[in-house]
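Let me begin by presenting the structure, written as structure tokens, before commenting on it.
The values are calculated or read from the model by the stated rules, or taken from the named source; none is laboratory data. None of the values given here were measured: they were computed from a predicted structure. As a convention, Cβ positions derive from the backbone with ideal geometry for all residues, glycine included, and neighbour counts pool all protein chains shown. Heavy atoms of the whole protein, side chains included, go into the accessibility calculation; ligands, DNA and RNA do not. Shrake-Rupley method; radii C 1.70, N 1.55, O 1.52, S 1.80 Å.
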Amino acid sequence: MTVLFGTSIPVGRADAVTTGAVTTGAGAGRTPAAAATQRPSEGSVHSWDLSTGVDGPGTRFVTFLAGCPLSCLYCHNPDTLRMRNGKRTAADAVIAQARKHTRFISASGGGATISGGEPLLQPVFAGELLHRMKNDLGLHTALDTSGFLGARATDALLRDVDLVLLDIKSWDRATYRKVTGRPLEPTLDFARRLADLGKEVHLRFVLVPGLTDARENVEGVADFAAALGNVSRVDVLPFHKLGESKWEALGMPFTLHDTPSPDAEQVAAAKAVFTARGLTAV
């Protein structure tokens, strides 16, 4: 999950319980085509919220799936990092919750967002939710992802996605690995695939002083985004420490404790790098 600021209204938040790993159901082990038609009925869900202005356009029904392959230093929801942190939940239950709010969501020009954790850690379950949100409820759909597991997203899954909220956490490879514990290339490969498909992308870049704010690093992300041709918006997200208490509660060291948030001038300078390349930066 990557949203770092905005208004979020809890709605029917699922209790986080230890359940162990959740299988992907009937579609497990099948070919992508078979998985697209034989969808699972359950997955590991951390919570759901109504959110305005931070998870895609309008008011969104956001489903946070549990589990993430990255270990981001600034993760503001470390309680979603393991699948066992979620609750085994039926897709029907998620859709029933979303259905309660469809009139309000539609009136706001909003939709449904599948987030995490990393939703593509449970690609078949995520695909089912996207399919039903779009086709059964008629909602605009968004997939919030780091892109690291983009190869798990079948073309069928992506057909049910109207917008991808894609994190590119650093252009410098060493910095990306320091921030996430993983390599950058799978995310870039996924971004190129989305461009080939003409899938709209809102790119997200977290500005961390002393870590991701080097001008050449920001320029690298901006050059890549501008070359794709499908990035309609760039969110330059200022690093904050609002999730630090969660790290402490989990007994995990928050190594960015002494890192300041960027000031308004630093954020404006980063946005200017993107706008200079013809991108809309907010």
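Of note:
- Residue list for region 164-203, filter: under 13 Å from the mean Cα position of the chain (by Cα) and either buried (at least 21 other Cβ atoms within 10 Å of the Cβ) or aromatic (Phe, Trp, Tyr) (or both): 164, 165, 166, 167, 168, 169, 187, 201, 203
- Candidates 227, 281, 276, 222 - the one that is within 20 Å of residue 184 (Cβ to Cβ) and touching a residue at least 40 places away in the same chain (Cβ under 8 Å): 222
- Complete set of residues in region 87-106 that are of a type in the set (S, T, N, Q) and at pLDDT 95 or above: 89, 97, 102
- Within region 207-224, considering residues that are touching a strand residue (DSSP E or B) at 6+ places or on another chain (Cβ under 7 Å) and farther than 9 Å from residue 170 by Cβ, the one most open to solvent (accessible area, probe 1.4 Å): 213
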